[in-house]
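Input: a single structure, listed below in structure tokens.
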Amino acid sequence: MTSHLHHPLPALRMALLLALMLLLPLVAQAFGQEYYIGVVSRMLIFALAASSLNLILGFGGMVSLGHAAYFGAGAYTVGILMQNGVLSGWLSWPLAMLVGALLACLVGLISLRTKGVYFIMITLAFAQMIYYIVIGLEVKGGDESIRLPQRSAIGLNLSSDTTFHYVVLVLVSIFLLLIHRLINSRFGRVLQAIRENETRMVAIGYPVLRYKLVCFVIAGALASFAGALLANQNQFVSPGLLHWTQSGSLLVMVILGGAGYFSGGIIGAIAVLMLEEILSAYTIHWQLILGAILLGVVLLLPNGLASCLQRGSKA
């Protein structure tokens, strides 16, 4: 990973990707392949979730194995509110982000006082605690999942996969641009400097813990929003979203895409979900092949797939 603190926006690549996302529903409908509209919407949602993890892992140097806690918390917030008659997305989606932010703040205040493997284990422990708490909430669905009667109400017909896709595209694009602005701001540069040499930043006088905690909270809020969108797409929520294996999947996306690259989470999410879609059509053991691909990328491209796209600057 390079120590450059400036991360230019790969405008041409992002414009092409945006154009593809805009045209996809029209092409899919023309060929009678509406199923792929949902697949791409899922890719967008996970691109945001992976980018939120990349924010703390790639730019903050904090290896967390508990990111699924915020992802699942956002989904459960929407599900529980909908069970209690709150259908408005204008209310449930911001509340999902607030729940994720508060949860990340609580976890961060404790875990960020540790380093290395201790930090990893504490984030994992918190995530598993939350997972088993949710499992015990049988009054709210427990291990049988929460089924949503409809998608959130925001004044648009989200029951249409095409409309939902465009809403997801707009919202994810906005949040990804905010992440880009954040990592190129003074806050983002200080955060990356802490990643490179925390001892020096402490010596200079920067409140390192405060910077890392704010980053942790922002990442938690973004992951929760992604979880809220996924709950709406699937129209059900299960405890599996909170399990440590979900954290592992997000981690794989970031590593495969390129930790510390702005587009790393986006590329990683698209690559993993595309490979899952293709490989699962041929074998039930697709995870084995995915593992071999991940191993190859780590050995041949230790900085991830995004490193192939850079030409003297961060992707």
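The values are calculated or read from the model by the stated rules, or taken from the named source; none is laboratory data. Computed from a predicted structure; not experimentally measured. For neighbour counting, all protein chains shown are included, and Cβ atoms are generated from backbone atoms with ideal geometry for every residue, glycine included. The area values use the complete protein model at the heavy-atom level, side chains included, leaving out ligands, DNA and RNA. Shrake-Rupley method; radii C 1.70, N 1.55, O 1.52, S 1.80 Å.
Residues in the range 60-88 that are more than 29 Å from ILE194 (Cβ to Cβ) and in contact (Cβ under 8 Å) with a residue 24 or more places away in the chain: ALA75, TYR76, THR77, VAL78, GLY79, ILE80, MET82, GLN83, LEU87, SER88. Is it fair to say ARG113 is over 28 Å from GLY268 (Cα atoms) and in contact with a strand residue (DSSP E or B) (Cβ under 7 Å, 6 or more places away or on another chain)? For ARG113, the condition - over 28 Å from GLY268 (Cα atoms) and in contact with a strand residue (DSSP E or B) (Cβ under 7 Å, 6 or more places away or on another chain) - is not met. Restricted to helices (runs of 4 or more DSSP H) entirely inside the range 231-304, those with at least 1 residues that are in contact (Cβ under 8 Å) with a residue 60 or more places away in the chain are 244-257, 264-279. Do we have any residue at all in the range 245-255 that's surrounded by 21 or more Cβ atoms within 10 Å (Cβ to Cβ) and more than 24 Å from GLN287 (Cα to Cα)? There is no residue in the range 245-255 that is surrounded by 21 or more Cβ atoms within 10 Å (Cβ to Cβ) and more than 24 Å from GLN287 (Cα to Cα).
The rows are residues; the columns are (1) under 22 Å from the mean Cα position of the chain (by Cα); (2) open to solvent by 30 Å² or more (accessible area, probe 1.4 Å); (3) farther than 30 Å from PRO25 by Cα.
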residue: MET82; (1), (2), (3): no, no, no
residue: LEU103; (1), (2), (3): yes, yes, yes
residue: ILE122; (1), (2), (3): yes, yes, yes
residue: GLN128; (1), (2), (3): yes, yes, yes
residue: TYR132; (1), (2), (3): yes, yes, yes
residue: ILE135; (1), (2), (3): no, yes, yes
residue: SER152; (1), (2), (3): yes, no, no
residue: PHE164; (1), (2), (3): yes, no, no
residue: VAL167; (1), (2), (3): yes, no, no
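Is it true that SER92 is polar (S, T, N, Q) and modelled with pLDDT of 95 or more? When the stated conditions are applied, SER92 passes them. Number of residues in the range 263-282 that are more than 13 Å from the chain's Cα centre (by Cα), open to solvent by less than 40 Å² (accessible area, probe 1.4 Å) and either modelled with pLDDT under 90 or within 12 Å of GLY58 (Cα to Cα) (or both): the value is 1. Being surrounded by fewer than 22 Cβ atoms within 10 Å (Cβ to Cβ), of a type outside the set (Asp, Glu) and in contact (Cβ under 8 Å) with a residue 60 or more places away in the chain holds for only one residue in LEU9, LEU57, LEU44, LEU20, and it is LEU9. Beta carbons closer than 6 Å, at least 6 apart along the sequence or on distinct chains, pair a first residue in the range 207-225 that is over 20 Å from GLY89 (Cβ atoms) with a second that is open to solvent by 30 Å² or more (accessible area, probe 1.4 Å) and modelled with pLDDT of 95 or more for VAL217/CYS105. Checking every residue in the range 120-138 against the condition of being closer than 13 Å to MET62 by Cα, in contact (Cβ under 8 Å) with a residue 24 or more places away in the chain, of a type in the set (Ser, Thr, Tyr) and touching a helix residue (DSSP H, G or I) at 6+ places or on another chain (Cβ under 8 Å) gives at least one match.
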